[in-house]
Amino acid sequence: MAYKARIKEFDALLAQDVIRLSSLKKLAFHGIPDEQGKRALCWRLLLGYLPEEKEIWSTILREKRLLYKQFIEEMIVMPGENEINGDVTTGDHPLSINPDSRWSTFFRDNEVLLQIDKDVRRLCPDISFFQQPTEFPCEEIVNSNNVKRLHTRVQRRVLNCANVERRGLGITKIELSKKKASEDYAPMEEGKEAHWEVVERILFLYAKLNPGQGYVQGMNEIIGPIYHAFALDPNINFREYAEADSFFCFTNLMSEIRDFFIKSLDETDHGINTMMSTLLTHLKFNDLDIWLKFQQQDLKPQYYAFRWITLLLSQEFPLPDVLRIWDSLFSDEHRFDFLSYVCCAMIVILKNHLLDGDFSSNIKLLQNFPPMDVQIILSKAVELSKRKLF
Amino acid sequence: MAKKTYDLLFKLLLIGDSGVGKTCILFRFSDDAFTTTFISTIGIDFKIKTIELRGKKIKLQIWDTAGQERFHTITTSYYRGAMGIMLVYDITTEKSFENIVKWLRNIDEHANEDVEKMILGNKCDMDDKRTVKKERGELIAKEHGIRFMETSAKSNINIDRAFRELAEAILDKTAGREPGDSVDRVMKITLESANRISGNMSVQSVLTQNKCLPPS
């Protein structure tokens with residue numbers, strides 16, 4: 001009953017012409033119902049992609065989606081397309097040292113792509129979603145005879161060898177040794193595209209558009225849950241644009257957490273080290289015993305909380321739980337204060353084990369958080385965050 | 001307090017470029033299994049395995065690091081406490097081999113001077129995609145006076161042996177033996193290989209004996 005009542009509350013709020021973000025945050029903080037693509041819609045609002053005024057949504061969505069299409073056209077650079085008659089002496093060519101050369105851009109990009117490619121092929125391996133084909137592939141790319149697929153640019157190539165058998169005169173048998181790709185994240189046939197390929201494109205475009213930051217490992221774990229929620233939206237009008245919409249939501253989210261990913265900002269106010277010391281401060285305040293134990297064992301937050309914070313806990317819990325946690329994180333009035341309380345709650349909940357354990361078993365426990373109802377953690381986090389007020 | 005169930009504790013560290021198979025090597029060693037379904041390591045991961053060496057129970061505390069540059073500030077802080085470092089490259093990725101020099105420099109800068117090192121050329125089951133010859137690995141190891149082995153986490157080649165040899169080297173040191181025999185050891189292996197080749201055996205059979213290729 002309570003669940004149905006919550007859905008009703010969401011329906012009522014989302015039906016308004018102007019959706020007050022503050023009201024949405026209050027409601028969504030306690031979790032967004034999985035039904036009817038509510039999460040995807042609420043995240044669009046919470047991450048500032050859609051404004052409060054509903055009447056301008058359609059204009060904004062149209063513009064943004066068009067813009068994204070342009071990004072693809074402009075930035076998935078294919079040099080060589082404009083060469084006339086193969087004459088490379090006057091124009092651009094692969095060995096050009098001109099920094100404006102489209103070829104040199106191409107090769108520079110491939111460095112980035114190589115890293116992205118490795119990571120998207122190991123995104124959420126415990127669910128099959130990312131290995132499945134998308135309903136809405138990027139037509140120009142999937143029908144390009146494999147030429148424009150990003151991962152073919154960084155594919156490792158080896159020359160084919162053949163076993164040639166001679167019998168009498170002439171060759172009788174040429175046997176090409178073919179190895180079947182048994183990879184799960186194998187590319188799709190012409191005209192099809194797997195979800196991981198879509199994620200690869202999003203990350204590549206992000207890296208191109210944010211050259212100062214580029215691609216850093218772990219960003220795949222941030223875009224993953226967003227894209228997953230958007231691509232499974234039951235509303236086809238939204239689902240069709242999961243790629244473009246999740247790109248912009250990811251970009252907005254990254255603008256708030258990008259400092260975690262930048263080494264030179266580690267020591268700054270919004271850097272990862274500040275977040276980790278905030279966590280320790282919470283811990284010291286809320287549970288001195290554990291704090292002392294960690295001190296004594298020299299168990300630093302870098303060993304466990306670095307990953308927790310950088311990835312917004314996406315590697316610590318199964319995907320449905322991550323989505324639920326993110327509802328709260330995205331609804332946090334002081335993003336990402338609440339995250340530090342969630343992390344602190346995770347530690348406090350394990351108190352008995354941690355006080356008993358030696359250094360090794362404690363690290364192991366924290367790095368492999370035991371399965372539990374995520375609601376327990378979130379309630380504890382709320383409790384801790386309130387305690388601080390006094 | 002937990003009871004002490006071991007005689008010695010060795011801290012080991014796995015480093016190398018992203019995607020060379022550090023996590024898979026560690027998983028093979030600690031759980032004797034292989035899976036390609038690993039998420040990328042962010043920051044630093046951790047496993048423990050207790051082995052027996054010369055009648056001593058040795059607890060290996062093994063840190064698995066992220067390969068990408070961004071994580072170096074956190075990962076380099078572990079170099080200091082490490083007693084052994086495994087430096088991994090991928091025999092099918094030239095770049096990961098070229099970067100060995102960079103990783104060695106990192107070790108020089110951040111690790112204890114007497115840390116035991118070992119270079120591993122991983123994925124040696126994928127000989128059809130090989131771009132780094134075994135000899136090149138041996139050579140760079142020899143130049144730096146470091147142990148070397150080709151491994152495959154997938155086919156379980158040399159994984160156990162690599163960890164045991166590294167642990168043994170540390171044990172030698174802690175037992176107060178004369179250090180500096182690592183150079184000899186690599187030399188010996190190389191010489192042995194050379195002898196075998198001159199003894200009318202093909203490279204193929206040497207590799208087979210080193211368990212890096214299936215016997216044909």
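The values are calculated or read from the model by the stated rules, or taken from the named source; none is laboratory data. Values in this document were obtained by computation on a predicted structure and should not be read as measured data. So basically every Cβ, Gly included, is an ideal-geometry build from the backbone, and we count neighbours across all protein chains shown.
Only one of A:Ser360, A:Ser379 is farther than 26 Å from A:Leu253 by Cα, over 22 Å from the mean Cα position of the chain (by Cα) and among the small types (Gly, Ala, Ser). Can you tell me which?
Just one listed residue meets the conditions, A:Ser360.
Might you check whether a residue that is over 25 Å from the mean Cα position of the chain (by Cα) and among the hydrophobic types (A, V, I, L, M, F, W, C) occurs anywhere in the range A:313-336? No, that holds for no residue. Out of A:Lys364, A:Lys380, A:Lys386, one residue alone is within 14 Å of another protein chain (Cβ to nearest Cβ) and surrounded by fewer than 21 Cβ atoms within 10 Å (Cβ to Cβ). It is A:Lys364. Screening A:Leu288, A:Leu323 for residues that are surrounded by fewer than 22 Cβ atoms within 10 Å (Cβ to Cβ), in contact with a Pro (Cβ under 7 Å, 6 or more places away or on another chain) and not basic (Lys, Arg) leaves exactly one candidate, A:Leu323. Looking across the range A:252-264, the residues that are more than 11 Å from chain B (Cβ to nearest Cβ) and of a type outside the set (Asp, Glu) come down to A:Asn252, A:Leu253, A:Met254, A:Ser255, A:Ile257, A:Arg258.
Only residues that are over 14 Å from the mean Cα position of the chain (by Cα) and facing chain B (nearest Cβ under 9 Å) were counted across the range A:119-128, and they come to 1. Of all the listed residues (A:Leu13, A:Leu24, A:Leu45), the sole one being surrounded by 15 or more Cβ atoms within 10 Å (Cβ to Cβ) and closer than 15 Å to A:Asp233 by Cβ is A:Leu45.
The set of residues in the range B:86-99 being in contact (Cβ under 8 Å) with a residue 60 or more places away in the chain and either touching a helix residue (DSSP H, G or I) at 6+ places or on another chain (Cβ under 6 Å) or more than 15 Å from B:Ile146 (Cα to Cα) (or both) consists of B:Leu87, B:Val88, B:Tyr89, B:Asp90, B:Thr93, B:Lys95, B:Ser96, B:Asn99.
Collect the residues in the range B:37-55 that are facing another protein chain (nearest Cβ under 10 Å) and in contact (Cβ under 8 Å) with a residue 12 or more places away in the chain, keeping them in residue-number order. Listed by number, the residues that qualify are B:Phe38, B:Ser40, B:Thr41, B:Ile42, B:Gly43, B:Ile44, B:Asp45, B:Phe46, B:Lys47, B:Ile48. Scanning the range B:47-60 turns up at least one residue that is closer than 21 Å to B:Ile119 by Cβ, buried (at least 23 other Cβ atoms within 10 Å of the Cβ) and either out of contact with any Cys (no Cβ under 6 Å at 6 or more places or on another chain) or at pLDDT 90 or above (or both).
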